[in-house]
Every structure is written in structure tokens, then in C-alpha cells.
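Structure record follows, encoded as C-alpha cells.
A short reminder: the numbers here are calculations on the coordinates, not readings from a lab. Computed from a prediction, not measured in an experiment: that's the story for all the values here. Every residue, glycine among them, receives a Cβ derived from its backbone with ideal geometry; neighbour counts consider all protein chains shown.
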Amino acid sequence: METMSALDAAFLQIEDRNAALHIGSVGIFEGPVPAFDAVRAEIARKLDRVPRYRQRMLRVPGNLGRPVWREDPAFDIELHLRRSALPRPGGDRELAEHVGWIMSEPLDHDHPLWEDWVVEGLEHGRWALVSKVHHSVVDGIAGTDLLTRLFGADPAPGTDTPATVAPGRLPSARALVARAVREDAAALTGAVLGAVRHPRKLAGQARTSTGVLRYLAALRPVGRSSILGPIGASRGYRWAEVPLADALAIRAAYGCTVNDVVVAAETRALRELLVVRGEEPTAHLVRTLVPVSVRRPDQHGAMDNRVSAILLDLPVDEPDPVRCLEAVAERMRRLKHTHEAEAGELMTALGDGLPPPALMAGLRLVFRVPQQFLTTVTTNVPGPREQLHLAGRPMVATYPYVPIADRLRTGFAVTSYGESLYFGITADEGSTPDIDVLRDGLLNAFAELVIAARVAGGVR
């Protein structure tokens with residue numbers, strides 16, 4: 001058995017009927033559609049590369065410990081692979097709406113927390129694989145690692161032989177409680193001894209606490225807008241593709257990062273949504289949570305979450321696209337110097353040291369109060385440059401999916417693959433029927449910035 005970290009457990013704790021906390025992707029493959037048995041066999045052969053896909057989550061009674069991962073003695077791959085077909089004409093809109101329906105449904109906590117859907121009937125003889133995996137299993141970086149493990153650069157079908165797993169019975173409730181009590185006692189003892197033996201490390205954490213104060217200061221309420229508010233269970237989904245060369249050209253012209261370009265384009269899209277709705281895009285109206293990976297090189301491949309986050313006010317009040325980009329870049333540079341990411345990591349580490357009953361009770365209390373300090377979420381995860389394959393078919397595009405919860409009505413995810421950037425936009429379907437405005441706004445923002453970069457001559 002393996003105990004979840006506090007962060008992994010939090011993603012389970014905050015999930016409710018209106019917030020399914022799985023991340024995902026939509027892979028588009030060249031046809032013809034392989035036999036469903038061939039897809040199943042290919043994934044089954046590679047399950048040993050992802051042990052978590054055979055494990056189920058077990059809660060400790062009374063929340064006396066954080067949940068644990070344990071091999072599922074009743075594991076059946078048939079419960080995790082689904083098949084569906086689009087109505088004609090099988091275009092982007094039909095697929096996007098189908099993905100929204102798939103992502104609206106939570107994963108079954110009584111089984112390993114993942115699902116794959118083979119979707120047939122796409123235009124031009126293509127097909128899709130829609131993947132869902134709970135956020136307690138992976139973060140964005142681990143999700144990309146997962147993608148490369150299950151797919152492959154070699155178009156030939158894999159030759160892996162699935163190992164025979166004999167997990168035995170699931171532990172009893174009494175055994176789970178006893179194990180949790182032992183772990184809690186050991187953790188408390190280790191924390192006390194660590195403070196005595198390593199006072200300099202404790203002092204270093206105290207210095208990082210200045211970042212914590214700045215982090216907490218950033219949690220001031222944002223202005224009221226239609227982008228923040230109660231959400232339902234149904235999700236809308238759209239995507240966009242942009243040449244990576246365009247983002248690199250903008251970066252070169254304005255001395256910023258590709259991530260700055262991505263966030264500026266998102267800012268422009270949200271500004272457009274506000275304008276279309278007749279709302280004034282004022283300062284301090286939109287704040288995004290930007291996950292920051294704290295995964296060390298030796299931790300790549302681990303199936304868990306190793307992320308912190310920074311909080312960024314988006315300059316939706318700036319009408320000029322170039323000045324908007326410059327404002328985003330300056331704010332990102334400033335945040336990197338305030339140690340907010342380190343502060344977030346410290347707070348996550350402190351969560352690992354809290355007694356699980358206190359941690360779970362605290363999470364329940366926090367998420368019962370309607371939050372007013374975040375408006376959206378933005379994830380940007382580099383993807384593979386080489387082409388991947390499944391069942392001998394090349395993947396020609398991959399669009400990420402980010403979940404939304406706790407009054408966040410929109411979420412933006414982007415990944416790179418080959419020579420393109422692929423955006424996925426998630427929205428609460430009930431409050432954001434105009435999700436197409438966000439998609440079009442992203443594309444328009446890139447077009448504006450590319451033109452401006454050319455005028456600037458590529459030198460800033």
C-alpha cells in the first residue's frame with residue numbers, strides 16, 4: 001500500500017457532484033479506426049508501465065489517515081475502456097460536445113481512477129481517444145509522462161507481455177486505521193526530531209514564509225463578473241491549435257516567454273467574453289491560478305502531484321494586445337521574484353504534516369465557503385515533440401482538458417506537440433453557453449500578436 005500525499009488527497013476531498021476532478025486529453029489519430037480489440041490489447045500490454053492504473057483508492061475510516069493506493073483484486077480493463085461514435089458529420093463541434101459530455105461524468109471511486117474512450121465517426125476517416133484520469137493520480141507533467149508510456153514513437157504495435165498480478169484481498173477497515181495511526185505517530189516524531197537536528201532548514205522555511213505572506217495577501221477578492229459564480233455538473237469544451245512558430249516569433253519580438261504569450265492570449269479571450277456580455281473589463285476583475293511544477297528531474301515518471309501555484313491578476317482592462325502582453329510578462333517576472341511558488345510548495349508540505357482528520361476537516365470547511373479570489377485556471381505543460389502512435393495509428397493532434405471547480409466557470413490548458421500548441425478550454429455549460437467566444441478570442445489574440453511581432457521586425 002502507498003499513502004497519498006496531502007495534495008493528492010485534497011483533489012479527492014474537494015470533488016463533489018458539480019466538480020469532477022479528473023484531467024484528460026483528446027488524441028486525434030489518422031484512420032482507419034483500428035479494431036476495438038486491438039486498442040484494448042495495446043493498452044493492456046502497457047499497463048505494467050503505469051502501476052497506478054491497476055490500483056484503487058481506499059479511504060481510511062473516520063479520515064484518520066489519508067487515502068491509500070492498493071492493487072485492485074477485481075481489476076478488469078473492460079470497466080475502463082469505452083467505445084462511442086459521433087453523429088454525422090463528425091466534425092469539430094460534434095466531437096467537442098461529445099468530449100464535454102464524457103468529461104461531465106465523474107470517475108467511479110470503487111475502481112482504478114481512469115477511463116479511455118475510443119470515439120469513431122470523425123471526418124476524414126479519423127478517430128479519437130478521449131482519456132480521463134483523476135487529478136489525485138497525476139499532475140500535468142505526470143500526465144504527459146503517462147501519455148508517452150501508453151503511446152509510443154514506434155508505429156509498430158508493442159510486444160510487452162502483461163505481468164500476472166496477484167494482489168490478494170483488500171485490507172480491512174481495522175487494518176487501514178491501524179496503519180494510519182502508526183504512520184501519523186512516525187510523521188510527528190520525524191517532524192519534531194527534524195526541527196531539533198536541522199534548525200537551519202527550519203530557518204530557511206521561515207524565510208520562505210515571507211513568500212507565504214505575499215501569497216496570502218494575493219487572496220483578496222476580485223471584482224464581480226459573470227465569469228465567477230456557482231457551477232453545475234455539465235461541461236462545455238472547445239479547442240484551438242496555433243503554430244508553435246508563431247508563439248516563438250512573438251517571444252523573440254518582445255523578449256518574453258512562451259508562457260507569457262499563452263497567458264496574454266487567454267487574457268484577450270476573457271476580455272472579449274466580458275465585452276460581448278456587456279461587462280466592463282476593469283482591473284482586478286480576473287485572477288488566474290497558474291500551476292508551477294516543483295518536480296525534480298529524478299521525480300519524472302512518478303504518478304502523483306508535485307505542483308505549487310502562483311496567482312496572477314490578468315490585465316483584461318488593457319485594450320492594446322502588445323501592452324497586454326508586456327503587462328503579463330512584467331507581472332510574471334515580479335511573481336517569480338516574490339517566491340510565491342516556493343511558498344505554495346511550503347504550504348503543501350505543511351499539509352503533509354497535519355493530522356489527517358484536521359486536514360480533511362479543514363478542506364471541507366474551506367470549500368464550503370464560496371471563494372471570491374480566483375476566476376479561472378491556466379495550465380501549460382510541454383508535450384512530446386516526436387509523433388506518438390497507438391495501435392499502429394499516428395496521433396496527429398492532442399488537446400488537453402483541465403477540470404474546473406469551486407465557482408471557476410472557465411479553465412484553460414495548453415500543451416505542445418510536434419510543431420503546434422494545442423489549447424483546451426473547459427467551461428461550465430450552464431453559465432457559459434458562449435464558450436466559442438473564448439476559442440475565437442484566443443485565435444484572434446495570436447493573430448494580433450503575430451502581426452505586431454512582424455511590424456516590430458522580430459527585435460525588441
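Would you mind classifying the stretch 10-93 by shape? Square roots of the alpha carbon gyration tensor eigenvalues, ordered a ≥ b ≥ c; an a/c under 1.5 is rounded, otherwise it is prolate if a/b is larger than b/c and oblate if not. Since a/c reaches 1.5 but b/c is at least a/b, the shape of the stretch 10-93 is classed as oblate. Each residue of the stretch 279-284 was assigned a 3J(HN,Hα) from its phi angle through the Karplus expression (A = 6.51, B = -1.76, C = 1.60, θ = phi - 60°), giving 9, 7, x, 8, 5, 6 Hz with x at Gly and Pro.
With the simple spin-label model, which puts each label point 7 Å out from Cα in the Cβ direction, the V276 to S84 separation comes to 2.4 nm. Ranked for footprinting exposure by Cβ neighbours inside 10 Å, fewest first, H134, H389 give H389, H134.
Backbone amide hydrogens, once placed in the peptide plane, bring L390 within less than 5 Å of M395, excluding anything fewer than 5 places away on its chain. Starting from the Cα gyration tensor of the stretch 96-142, take the square roots of the eigenvalues, sort them a ≥ b ≥ c, and report rounded, prolate or oblate (rounded when a/c is under 1.5, otherwise prolate if a/b is larger than b/c, else oblate). Judged from the Cα gyration tensor, the stretch 96-142 comes out prolate (a/c at least 1.5, a/b above b/c). Computed from the C-beta positions of H124 and R224, the FRET efficiency with R₀ = 51 Å rounds to 0.70. On the basis of the beta-carbon distance and an R0 of 51 Å, R334 and L170 show a calculated FRET efficiency of 0.55. Panel order for K132, K336, K46, by other beta carbons found within 10 Å of each beta carbon, from fewest to most: K336, K46, K132. Here E2 and A456 are evaluated by their C-beta separation; at R0 = 51 Å the FRET efficiency comes out at 0.50. Residues M4, M332, arranged from fewest to most other Cβ atoms within 10 angstrom of their Cβ, appear as M332, M4.
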